[in-house]
1. Across the stretch 41-69, what is the total count of residues that are among the β-branched types (Val, Ile, Thr), under 17 Å from the mean Cα position of the chain (by Cα) and under 21 Å from HIS14 (Cβ atoms)?
2. Would you point out which residue out of ARG8, ARG27 is of a type outside the set (Ser, Thr, Tyr) and either in a strand (DSSP E or B) or exposed (fewer than 15 other Cβ atoms within 10 Å of the Cβ) (or both)?
3. Working only within the stretch 224-233, note down all residues that are open to solvent by 20 Å² or more (accessible area, probe 1.4 Å) and not charged (D, E, K, R).
4. Those residues that are assigned to a loop (DSSP other than H, G, I, E, B), among the small types (Gly, Ala, Ser) and open to solvent by 30 Å² or more (accessible area, probe 1.4 Å), I need them from the stretch 48-102; list them, please.
5. Show the residue pairs that are 6+ apart or on different chains and have beta-carbon atoms under 9 Å apart, the first residue being within the stretch 96-123 and farther than 19 Å from ALA144 by Cα and of a type in the set (Lys, Arg), the second being at pLDDT 90 or above and crowded, with 21+ Cβ neighbours inside 10 Å.
6. Can you tell me which of (1) more than 21 Å from HIS184 (Cα to Cα); (2) open to solvent by less than 30 Å² (accessible area, probe 1.4 Å); (3) among the β-branched types (Val, Ile, Thr) is the one VAL20 doesn't meet?
Amino acid sequence: MLQKALHRAVRISHPARVMVTAAEAHRLHWQRALWFMRAEHRFLSESPGGSLLTTAAAVLSIAARTPTALITILPARCYVADEWTLTLALHRALSERRILSVGILTLGIVGFGVDEDYLLLRAPDDRPTVAVAATAQRPMESVARNIVRQGAVVATGIYIASASTLASLFYKCWPTLTHRILRHLKQSRTPGVENRIAPAVAQEALRGASRPFRDRSPWSTLRALRVAHCGWSSLSSTQAIERIARPLPESSNRAAPDYSA
């Protein structure tokens, strides 16, 4: 999955501009895949549950040097059956000025998926994106199918925004935490050396952060670009993983084309 996510990233950016967040505890699984990446482009958590901290560190490091840079956050834990459809959507999102003017953009997949989060969208307007009203977190299948019929899309966890926009949001939501991360990066950043969020830094950051930090990312109010069905799965449950590992027979897939498989 990590290698596929890296391929996804280099289709929309130069390899030298790709950064990765990872857990030190999982080094055995990701180190060989990241052989081409400069060490200072790796942001590592040395304690459990530090993925949002490392993401914040990567974003803030970019914003400190190039605030006008356009950042795309891509999750590695996902499966995509039709990469071309997703790649076309990413290129469109990154190239059309009207789409990029929304502030923070996310991608939503049309169709039903197994054990997915869904974006509930507001009424369309004259823009190519649609405002997100709320997120439904892994609703029951009957509920999921109903909201999909009403226009909900599968949440991907893909976000696109300028570095300054994301940094401003971090400052607004978690000012103390943001200053702590920036201070840590300034003191520890060394060319050729990985960026590490040590347990002491993580614990201090979590103690000073508000409750929403522990639960979710701060970018809840945004707009979504609808993406054609591409077999997306966030692999959020055993059932979702089994469906990818052992897909239904071809005839069954034709009978239920709205499944992400």
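The values are calculated or read from the model by the stated rules, or taken from the named source; none is laboratory data. What you see is a predicted model; the values in this text were computed from it and never measured. Quick reminder, even Gly has a Cβ in these numbers, built from the backbone with ideal geometry, and neighbours come from all protein chains shown. Protein only, heavy atoms only, side chains kept; ligands, DNA and RNA dropped before computing areas. Shrake-Rupley method; radii C 1.70, N 1.55, O 1.52, S 1.80 Å.
1. The number of residues fulfilling the criteria is 3.
2. ARG27
3. ALA228, HIS229
4. Passing the criteria: GLY49, ALA76, ALA81, SER101.
5. Within 9 Å, the pairs are ARG98/THR129.
6. In the conditions (1) more than 21 Å from HIS184 (Cα to Cα); (2) open to solvent by less than 30 Å² (accessible area, probe 1.4 Å); (3) among the β-branched types (Val, Ile, Thr), VAL20 misses (1) alone.
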